[in-house]
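Enquirer: Could you have a look at this structure, given as structure tokens, before my questions?
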Amino acid sequence: MSQDPQDHSIPPHELSDDRRWRLAVLGLGRRGLEYAAAIARDSGCLLAGLADSRSDLRSFARGCGFQAPLAVSLPRLLERGPLDGVVLCLPAADVPAAAARAFEAGLAVLVPGLPAVDVAGAERLRANLSTATRPVASGIAVLTHPLFARTAHMLATGSLGAVRSIRASVQVSRVFGPTSLPPVGDVLEHVAFEFVVLLDQMFGPAVATSARGQRLYGSGLDEAHVTLTLATGGSITFDCSWSVPGYPRTAMVLEVECERGRVLASDDALEQELDGAAVPTRTVLAGLQEGHALEWGEAHATLQAFTQRLAHGMTANDPLDLARALRAVQVLAAIRASVTALGERMEVLP
Amino acid sequence: MSTPTRRAPRLVLSTTSLEVPVRAARDRSLEVANRFRESESLAVALVKAIEAGAEALYAVPSPALRAAMDELKRPVPVLARLPHLPLGDDLRHEHSLLIPTHDENPDVWSGMRAGIAAVSMLPASLQGDLAVRVAQRIEHEAASLGSRDVIGLAIAPEITDLALAAGHARFFERMVRFGRARFGGVAGFETRDLAYLVRRLHEWGVEPDFLIAAANPAGVGMTPVPLEVEAALERPGIPVLATELRGGGVGALAEGARYALEHGALGLLPDLVDLDDVGGELRALKLLLG
């Protein structure tokens, strides 16, 4: 067994007779159905089960036409047949406990999105990782985004020189009054989380934060203005809001000033300005062949990466590294604490 | 598979980019949204489109579209893209179809029609079938489009592709039957998975009047593999209306249109976000269609 609890692969001889990954989905909300559809459409996978404790969600999934075994829980599903892995599409508060049960059952686990709502949940999940015997992965679609992957590569190769400053923003048009607030969660959980994971992947972990924020329509944050202090000594300033008009799609923007130029990267386009160059180079997402996987949907993109992980184990700077997602949960907690303390610097728990 | 007897429109102007995210540069999407913020500007564009030869609008229900159509004081044929799943629902755990709509002006007739739709699909409605949920949602939404203007129904891709992945053949049969009967026109499906949908529809013997899918030389949106999508376009039987002709803004409209028609598309479905001169460019597409 490898030393890293996330770093396993499944030997081919342990697969089903037809050599497909037998995957189940736990949690049959919107995201669970997206993953069920992605698994059903993937020729290398078999949708081997669906589970949810809510009868209305189970009934909806069956009404959609999925014929895989349906159960109220993972143990009940396992009574119906063997599985290789499970995708946890539950509300984040339920993920740590469900992950522990999946580890115990010896299953590979994919956790799309937020893996826990708070530090306690993140700690619980981290502590249980040592019991996992199969691959454990986080599914954050933006980490498979080709424009951000190019940006990361460009910065890593050092062609622009050392990074001097990083500014970032993430915004979307969703909440414009109390009636459009979701039942749970704030702008950090719904909008900023994936971006914080991306920043961690590109620039390394944050060790402290100071933040200001606004609660416009309820008790949760609707906007935040954040400074992250990085372990490397640098810092990132970023703004996030879900109350900006004109952004039906989430806009993630990153502006990096370097010694010899500047990079403006977003989920839409990548612009590179080398000092002394007459015009900046511009690349748009639609112009990239590698953007096609993402066009088919986030579930397809992360599922592809997950099945690669199942076959080959973890790679360097793996986009599915769960540790990074757990660190982001700690960062969000520190941001909330700093907002409550009116911008006071807060350490991010290691 | 026989050729469908109902004829789908061949040139359709899409206004969906005003309401749902489309593959286009963000600057361009914002520019178009600003241009058509006033209902009068949208109304003028609709008139120009019809005069240039567009046979219908492809639209989702929205107050802006309703206001523009009211400005016109004349019927504008609408190919309705339904159900319309509100963007804000992505903050919720449940699927959109399980979230009640918050209609500010509930229409008694649409409520009755939704009930009739459920009864007409017995026993599927007792089993919580997707087709019944979709038909009921469509009944509520069609009222805000002005159902006398609706000449056909296209099921939104999020729903089409969910039922397709689940292998739900009866959903496709039921939606075709419901769409034709309800609006007295054509019924079809928009998809991001054209190759697989065409293959499955042929296997199941289901004959919608049209499908809507991306087609452009760059292969943008032609998932999972452009070559398979080209083969599906060329396969006789189910007409395809080609959309995303500019491939997210990287190509020219005319090139995209020529590519789609050469590969077997029946018609063209450009969006406002693809057009600078609505009248002029639609006229040029009409000439290409012959």
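Enquirer: Hey, with R₀ at 51 Å, roughly what FRET efficiency would A:LEU274 and B:ILE116 work out to, going by the Cβ-Cβ distance, to 0.05?
Expert: With R0 = 51 Å, the Cβ-Cβ based efficiency is 0.20.
Enquirer: Against the empirical 2.2 N^0.38 Å scaling, what ratio does the C-alpha Rg of the range B:1-53 come to?
Expert: With N residues counted in the range B:1-53, Rg over 2.2 N^0.38 Å equals 1.50.
Enquirer: Would you kindly derive the ³J(HN,Hα) couplings of the range B:176-188 from the backbone phi angles with the Karplus curve 6.51 cos²θ - 1.76 cosθ + 1.60 (θ = phi - 60°), listing them in order in whole Hz, with x for Gly and Pro?
Expert: 5, 5, 5, x, 5, 5, 5, 10, x, x, 9, 9, x
Enquirer: Dividing the alpha-carbon Rg of the range A:193-343 by 2.2 N^0.38 Å yields what?
Expert: Details: Rg = 17.5 Å, N = 151, 2.2 N^0.38 = 14.8 Å.
Here the Cα radius of gyration is 1.18 times the empirical estimate.
Enquirer: Continuing with this model, one more query. Taking the Cα-to-Cβ direction at A:THR131 and at A:VAL184 and moving 7 Å from each Cα, how far apart do the two end points lie in nm?
Expert: Result: 2.1 nm between the two label points.
Enquirer: While we're here: If neighbour count is taken as other Cβ atoms inside 10 Å, put B:GLU51, B:GLU255 in order from fewest to most.
Expert: Exposure proxy ranking, most exposed first: B:GLU51, B:GLU255.
Enquirer: Determine the percent antiparallel among the DSSP beta bridges restricted to the protein assembly as shown, to the nearest 5.
Expert: Working: 41 of 92 bridges.
So the antiparallel bridges amount to about 45 percent of the total.
Enquirer: What ³J(HN,Hα) values, in whole Hz, does the Karplus curve 6.51 cos²θ - 1.76 cosθ + 1.60 give for the range A:264-274 when θ = phi - 60°, with x put for Gly and Pro?
Expert: 10, 10, 8, 6, 9, 7, 10, 10, 10, 10, 8
Enquirer: Next up: For chain A, find the longest principal axis of its Cα atoms and tell me its angle to the long axis of helix A:193-203, 0 to 90°, nearest 10.
Expert: The two axes meet at around 60 degrees.
Enquirer: Ok, one more. Defining a contact as two alpha carbons under 8 Å apart and six or more residues distant in sequence, what relative contact order in percent does the range B:12-289 show?
Expert: 20 percent.
Enquirer: Sequence gap at least 6, Cα distance under 8 Å: using those rules, report the relative contact order of the range B:211-276 to the nearest whole percent.
Expert: On the way: 114 pairs, mean separation 24.7, N = 66.
The value is 37 percent.
Enquirer: Applying 1/(1 + (r/R0)^6) with R0 = 30 Å to the Cβ-Cβ distance of B:GLN127 and A:GLU104, what FRET efficiency is obtained, to the nearest 0.05?
Expert: 0.30
Enquirer: Counting helices only, and only those DSSP H runs with n ≥ 4, report the 222 nm mean residue ellipticity of the protein assembly as shown as the sum of -39,500 (n - 2.57) divided by its residues, in deg cm²/dmol to the nearest 500.
Expert: Counting only the DSSP helices, I get -11500 deg cm²/dmol.
Enquirer: At R0 = 22 Å, how high is the FRET efficiency between A:ARG167 and A:GLU344 if r is their beta carbon distance? Nearest 0.05 is fine.
Expert: With R0 = 22 Å, the Cβ-Cβ based efficiency is 0.50.
Enquirer: Provide the three semi-axes, in whole Å and in decreasing order, of the ellipsoid equivalent to the range A:282-325 as defined by the square roots of 5 times the Cα gyration tensor eigenvalues.
Expert: The equivalent ellipsoid of the range A:282-325 has semi-axes of 23, 13, 10 Å.
Enquirer: What list of ³J(HN,Hα) couplings, whole Hz, do you get for the range A:45-58 from phi and the Karplus terms 6.51, -1.76, 1.60, once you set θ to phi - 60° and write x for glycine and proline?
Expert: Coupling constants for the range A:45-58: 10, 10, 6, 9, x, 9, 8, 6, 6, 8, 5, 5, 6, 5 Hz.
Enquirer: Report, by chain and number, residues whose modeled amide H sits under 5 Å from the one on A:ALA137, excluding near sequence neighbours (fewer than 5 apart, same chain).
Expert: A:VAL109, A:LEU110, A:VAL111
Enquirer: While we're looking at this one, here's another question. Kindly provide log₁₀ I(q)/I(0) values, in the same order as q = 0.12, 0.14 Å⁻¹, from the Debye equation applied to equal alpha-carbon scatterers of the range B:12-289.
Expert: -0.73, -1.01
Enquirer: Any chance you could give the angle, 0 to 90 degrees and rounded to 10, that helix A:119-128 forms with the longest Cα principal axis of chain A?
Expert: 50 degrees
Enquirer: Okay, which of the range A:169-189 sit inside 13 Å, backbone N to the point 7 Å along the Cα-Cβ direction of A:TYR217?
Expert: So the set is A:172-187.
Enquirer: Right, something else. Would you grab the residues whose amide H sits under 5 Å from the one on A:VAL25? Only those 5+ places off in sequence or on another chain, please, with H modelled 1.01 Å from N.
Expert: Under 5 Å from the amide H of A:VAL25: A:GLY49, A:LEU50, A:ALA51, A:VAL87.
Enquirer: Also, quick follow-up: Can you list the residues, at least 5 places off or on another chain, whose amide H is less than 5 Å from the amide H of B:TYR58, using H built in the peptide plane?
Expert: Placed amide hydrogens put B:LEU13, B:SER14, B:THR15, B:LEU79 under 5 Å from B:TYR58.
Enquirer: Please compute the length gained on full extension between B:VAL225 and B:ALA181, using 0.36 nm multiplied by the number of residues separating them and subtracting their Cα-Cα distance.
Expert: 12.4 nm
Enquirer: So if the hydrodynamic radius of the protein assembly as shown is defined as the Kirkwood radius over C-alpha pairs, what does Stokes-Einstein give as its diffusion coefficient at 25 °C and 0.890 mPa s, in µm² per second?
Expert: Rounded to a whole number, D works out at 95 µm²/s.
Enquirer: Considering only DSSP beta bridges with both partners in chain A, what is the antiparallel share in %, to the nearest 5?
Expert: 60 percent
Every number here is computed from the coordinates shown, using simple stated rules; none is lab data. Since we're looking at a predicted model, the values are computed, not measured. We place every Cβ from the backbone using ideal geometry, glycine too, and count neighbours over all the protein chains shown.
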